[in-house]
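The values are calculated or read from the model by the stated rules, or taken from the named source; none is laboratory data. Fair warning: this is a prediction, and the values are worked out from it, not measured in the lab. Note that each Cβ is placed from the backbone with ideal geometry, even for glycine, and that neighbours are counted across all protein chains shown. The accessibility values were calculated without ligands, DNA or RNA, using every heavy atom of the protein model including side chains. Shrake-Rupley method; radii C 1.70, N 1.55, O 1.52, S 1.80 Å.
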Amino acid sequence: MTRCQGILSGLYDDPRNLEAFARQWQRDLREAILAFPTEQLAQVFPAKSPFDFYCWLRAQCASARKRLIYVDRYSSADLFHRYLRGADPSVQITVVAAREGPSPGKWAEFLSVSHVFAAQRPATYALVDADIHDRHVVVDDRAFHLGPSSKDAAFRTDASVAAFNVSEVEAVVAKGRQLFGPTATTHP
């Protein structure tokens, strides 16, 4: 009798043995599946879960080690203290917004906080004005497409997040006009 047959033959003597074996096998299988490296390609934050979305986006921004690109036509002044303040001071941060996006008063408020942020990070912050609609976040070499704007995410409707092509986001940044950064050292 082989070793395997010997182990299995004892299992059938008592149904409780078989049940214990099945539970252990299920735990081992679950651990093996969870240990398999995968990239989450999409995630949906259900309606009425804005705090979960906020925590996810804040954690993504704080995890940046080299660069963070935040693209949202309707960025508000809240962007800086909600999401960007947790980024390491050495991280290159680029915010892409649209001057035509928010109302004039909101744009002035956004620029006011951006100016303060730029004063503290003159070598690692850039502000780009671009004609954009979609919302994206690039964290180092990973890009995400955000369904809604971060200020509205998961309040009344589901908010989706999906993996995205980094080079497409870089192309949006390249087409924009730098308002502050390496080529525009005076903040508007």
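Numbers at a glance
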| item | result |
| --- | --- |
| Only listed residue being touching a Pro at 6+ places or on another chain (Cβ under 7 Å) and among the hydroxyl-bearing types (Ser, Thr, Tyr), chosen from Ser90, Ser103, Ser112, Ser76 | Ser76 |
| Output for region 80-98, where each listed residue is open to solvent by 70 Å² or more (accessible area, probe 1.4 Å) and either farther than 17 Å from Lys151 by Cα or out of contact with any helix residue (DSSP H, G or I) (no Cβ under 9 Å at 6 or more places or on another chain) (or both) | Pro89, Ser90 |
| Filtered residue count, region 108-124, keeping only those that are out of contact with any Ser or Thr (no Cβ under 8 Å at 6 or more places or on another chain) and surrounded by 20 or more Cβ atoms within 10 Å (Cβ to Cβ) | 3 |
| Criterion: out of contact with any helix residue (DSSP H, G or I) (no Cβ under 7 Å at 6 or more places or on another chain), modelled with pLDDT of 90 or more, surrounded by 12 or more Cβ atoms within 10 Å (Cβ to Cβ) and of a type in the set (Gly, Ala, Ser) - qualifying residue of Ala77, Ala59, Ala20 | Ala59 |
| Positions within region 141-188 being loosely packed, with under 14 Cβ neighbours inside 10 Å and within 13 Å of the chain's Cα centre (by Cα), in sequence order | Asp141 |
| Single residue of Phe110, Phe144 found to be closer than 21 Å to Phe53 by Cα and either in contact with a His (Cβ under 7 Å, 6 or more places away or on another chain) or not in a loop (DSSP other than H, G, I, E, B) (or both) | Phe144 |
